[in-house]
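So the structure is just underneath, and the comments pick up after that.
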Amino acid sequence: MQLHLKHPLEPDSAPRFAAVIVEAAADISGVELDYGPASLDLVEGILAGFRTDGVTCEEMAESLVAFGCYVGEILARHAGGTWHRTTDALAVVPLVVRLPGARECRPVDWVFGRLDTSTGAGAGLREQYAAAVAADPAGE
């Protein structure tokens, strides 16, 4: 997949991508994303709209990366996660959020999975977040 991003996709740029999607969600959809775990439901709603409109992961790749960075920022802020690069060839993008205890989460992949109809839209973001936090004793 070819990504056309304004900034390099690096661990230190993930918060910037998240901030861009927070602003875009407010401007385009009137949705206020506050980096709280409950806002994952709002992201789900936006992604459901994309599915309903029949858009593909390829068409929305840059936005999906930004939404994934937003989800990752929730992990960082509420579960003590930090952004890292991964060499895992199965990752949609080479970024993961490492939680205390070395557990790695792929929030960008989670978001892509929600739009990819070939996978049945995958597990919900709230469920994936809850599973990640439950596996981490430092999580909220």
Answer yes or no: is there a residue in the stretch 50-60 that is in a loop (DSSP other than H, G, I, E, B) and under 15 Å from the mean Cα position of the chain (by Cα). yes
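Given Ala76, Ala66, which one is touching a strand residue (DSSP E or B) at 6+ places or on another chain (Cβ under 7 Å), among the aliphatic types (A, V, I, L, M) and within 22 Å of Leu9 (Cα to Cα)?
Numbers: Ala66 fails: touching a strand residue (DSSP E or B) at 6+ places or on another chain (Cβ under 7 Å).
On inspection, the qualifying residue turns out to be Ala76.
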Do any residues in the stretch 53-72 that are more than 11 Å from Val111 (Cα to Cα) have Cβ atoms under 8 Å from those of residues that are open to solvent by 10 Å² or more (accessible area, probe 1.4 Å) and aliphatic (A, V, I, L, M), where the two are at least six apart or on different chains, and which pairs are they? Glu58/Met1; Glu62/Leu3; Glu62/Leu5
Give the stretch 15-39 a look and list any residue that's more than 21 Å from Leu95 (Cα to Cα) and buried (at least 17 other Cβ atoms within 10 Å of the Cβ), or say none. Ala25, Leu33, Ser39
Output yes when any residue across the stretch 100-110 is in a loop (DSSP other than H, G, I, E, B) and in contact with a Phe, Trp or Tyr (Cβ under 7 Å, 6 or more places away or on another chain), and no when none is. no
Quick check on my filter: what residues within the stretch 40-97 are open to solvent by 50 Å² or more (accessible area, probe 1.4 Å), of a type in the set (Ser, Thr, Tyr) and either at pLDDT 90 or above or in contact with a helix residue (DSSP H, G or I) (Cβ under 9 Å, 6 or more places away or on another chain) (or both)? Thr52, Thr56, Thr82
Within the set of pairs 6 or more residues apart or between chains, which connect a residue that is more than 11 Å from Trp110 (Cα to Cα) inside the stretch 88-100 to a residue that is open to solvent by 40 Å² or more (accessible area, probe 1.4 Å) and small (Gly, Ala, Ser) with Cβ atoms less than 8 Å apart? Leu99/Gly80; Leu99/Ala135; Leu99/Ala138; Pro100/Gly80; Pro100/Ala138
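The values are calculated or read from the model by the stated rules, or taken from the named source; none is laboratory data. This one's a predicted model, so the numbers in the text were calculated from it and none came from an experiment. As a convention, Cβ positions derive from the backbone with ideal geometry for all residues, glycine included, and neighbour counts pool all protein chains shown. Heavy atoms of the whole protein, side chains included, go into the accessibility calculation; ligands, DNA and RNA do not. Shrake-Rupley method; radii C 1.70, N 1.55, O 1.52, S 1.80 Å.
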